[in-house]
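Quick notes on the structure that follows.
The values are calculated or read from the model by the stated rules, or taken from the named source; none is laboratory data. Every value quoted in this text rests on a predicted model; they were computed, and no experiment measured them. Here the Cβ is made from the backbone with ideal geometry for all residues, glycine too, and neighbour counts use every protein chain on show. Quick note on the areas: whole protein, heavy atoms, side chains included, nothing else; ligands and nucleic acids left out. Shrake-Rupley method; radii C 1.70, N 1.55, O 1.52, S 1.80 Å.
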Amino acid sequence: MGKKNDKQEFVAHITPRSEDFSQWYTDVILKTDLVDYAPVRGCMVIKPYGYALWERMQAELDKRFKATGHQNVAMPMLIPESLLLKEAEHVEGFAPEVAWVTQGGNEVLPERLAIRPTSETLFCTMYAKWVQSWRDLPMKYNQWCSVMRWEKTTRPFLRTSEFWWQEGHTIHATPEEAQEETLQMLEVYRDFAENVLALPVLTGRKTDKEKFAGARATYSMEAMMQDGKALQAGTTHNFGTNFSEAYGIQFLSKEGKLEYAHETSWGTSTRLIGAIVMTHGDERGLKLPPRVAPIQVVILPIAMHKEGVLERARALKAELEAAGLRVELDDRDTYSAGWKFNEWEMKGVPVRLELGPRDIENGVAMSMRRDTLEKKPLELDGIADTVKALLDDIHTTMFEQARAFRDAHIYTATTLEELEKGVQNGFVKAAWCGCRECEDKVKELYNASTRNMPFDQSGMPSDKCVVCGKPAEKLIYFAKAY
RNA sequence: CGAGGUGUAGCGCAGUUUGGUAGCGCGUUUGGUUCGGGACCAAAAGGUCGCAGGUUCAAAUCCUGUCACCUCGACCA
């Protein structure tokens, strides 16, 4: 009693989202134990709760990669400088952010080694060795690893010097097949983002200015954070024969002709964890999508010193686990029920089940869903199925809520003034002439960039470019981006 | 990397202007009472004041450098 201020203090440790979005984000990821800062410039330590989330994401993605015919491999972390230099555009793009190893033991190395910022150069070198004939194609490999980019400004998950990701690299006999692969993997990413992470994304093609260094075409999925800024959540690239020409990946075709292979690559990273936080989180903290939440259901025994409560709670846990759910039984007696409620809400567990003597007597458990905070008693009889359905509903509700937010923050602009206003709060959908100068101008004036050009180009708001007024070529999204 | 701000116990902060024995709340530990929305009582532990130099009889406080975080730019998944 008389501790009202203390009660508020715990929640107040998270800066209100409405007050300072950046600080809210930092508070949430630190206080929910997803991550900590490392004693290395710009690097993060992913803690058990955060890593469990990443493992769930990996499992879901990996399953989809395998289902589309890809195999995992492991490449070295170091790239000899001479190898990195072979594709000019690629080097130019990555050179400013490469970290170098110059010494081994006590000896200075004759050739310095780059710590991989991405592994196109290694994959291409190996593909050149492995591919001889059209019968060897396609080769569709992926690796899970970390890469290092010496970034100027870093933020946990969104941009760190070292980050964990997957990079798929494939080579194909024909341009059609490479293009099909590029679009297929973008679709795999979209499906994963929307149906697993509950993140609505806009897919489309990047402009030449924004495409990957060395790519002929880059496609992306773009998500909107709750401050209206865009987060590039995944990219796929079609390199054509750019890299195979530089690295000599040639094969004998069916017709006996020596041809260059067509290459693609695609990647998603731990940045997606940041996207989950910034898309779904609220004033209480995290809100984790049920399909990747490390803990889907937390059981809180109430008055657990009373006879039979803990036993019944354990049986409930076993029953739910047997049904394939990820369950935590919080039987810590050091904290009050109310304290635990708040902690698990902050950590974003989708469903809480309270089980006390009264519930047991009535044959129910009191449920609370994190997305809407709605409480409802659930019959213990057949509860596993009920909870599964509830988790599915939470997923759908979270996705719909995020999509409604996004759609409400997409503005159509036909003038620069409208564009300026729009990118303060969200994305701007506009007609664009296709020239680099107009992109640069928007960047310079409003610090916003082009995100991508949707595949469905219908519904152009104007036949004139929003920037220069010349005839419009493309429907495109502009936004400030992370 | 440029401009501005912050850094004192695990967390949140006071103390810095005007140099003079390191403080508060929460948390933690131990014992007890509690337990359906952030419990209570009692006792205890915990800090080379981000780090490195310097000035001084004396530095959390003044000076220089450096690191990290936040905001705004330039660069990027």
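Values for this structure:
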read-out	value
Note, ³J(HN,Hα) from phi for the range A:271-284, Karplus 6.51, -1.76, 1.60, rounded to Hz, x at Gly and Pro	4, 4, 5, x, 5, 4, 4, 6, 8, 9, x, 9, 4, 7
Mean separation of Cα contacts under 8 Å (6+ apart) over length of the range A:352-404, as relative contact order %	25
Nonlocal amide H pairs with A:Arg451, under 5 Å, H built at 1.01 Å	A:Tyr477, A:Phe478, A:Ala479
Under-5 Å amide H pairs with A:Leu109, H placed in peptide plane, nonlocal only	A:Gln103, A:Gly104
Within the accessible area of chain A (1.4 Å probe), percent carbon and sulfur	49
Residue-by-residue Karplus 3J(HN,Hα) for the range A:335-341, coefficients 6.51, -1.76, 1.60, Hz, glycine and proline x	10, 6, 4, x, 5, 5, 3
Gain in span if fully extended, A:Asp393 to A:Glu328, counting 0.36 nm per residue against the direct Cα distance	21.4 nm
Positive minus negative residues near A:Gly50 (Lys, Arg vs Asp, Glu; Cβ under 14 Å)	+2
Using a Förster distance of 41 Å, the FRET efficiency for A:Gln132-A:Ala59 (Cβ separation, nearest 0.05)	0.75
Per residue value of the accessible surface for the range A:260-299 (all protein chains in place, 1.4 Å probe), Å²	15
Extension reserve of the A:Trp144-A:Arg436 stretch, reckoned as 0.36 nm per residue once the Cα distance is removed	101.7 nm
Per residue accessible area of the range A:35-78, 1.4 Å probe, in Å²	53
Nearest-20 debye value, chain A charge dipole, Cβ charges on Lys, Arg, Asp, Glu	400
Share antiparallel - DSSP beta bridges, the range A:88-177, percent rounded to 5	100
Per residue, in Å², the accessible surface of the range A:141-248 once ligands and nucleic acids are set aside, probe 1.4 Å	30
Of A:Thr372, A:Ala67, A:Tyr446, farthest towards positive along the dipole that unit charges on Lys, Arg, Asp, Glu beta carbons give chain A	A:Tyr446
Radius, Kirkwood style, for the range A:52-176 when every pair of distinct Cα atoms is counted (Å)	16.4
³J(HN,Hα) computed for each position of the range A:351-367 - Karplus, 6.51 cos²θ - 1.76 cosθ + 1.60, integer Hz, glycine/proline x	10, 10, 10, 9, 9, x, x, 5, 4, 4, 4, 8, x, 9, 10, 7, 9
Shape of the range A:326-376, Cα gyration tensor, a/c cut at 1.5	oblate
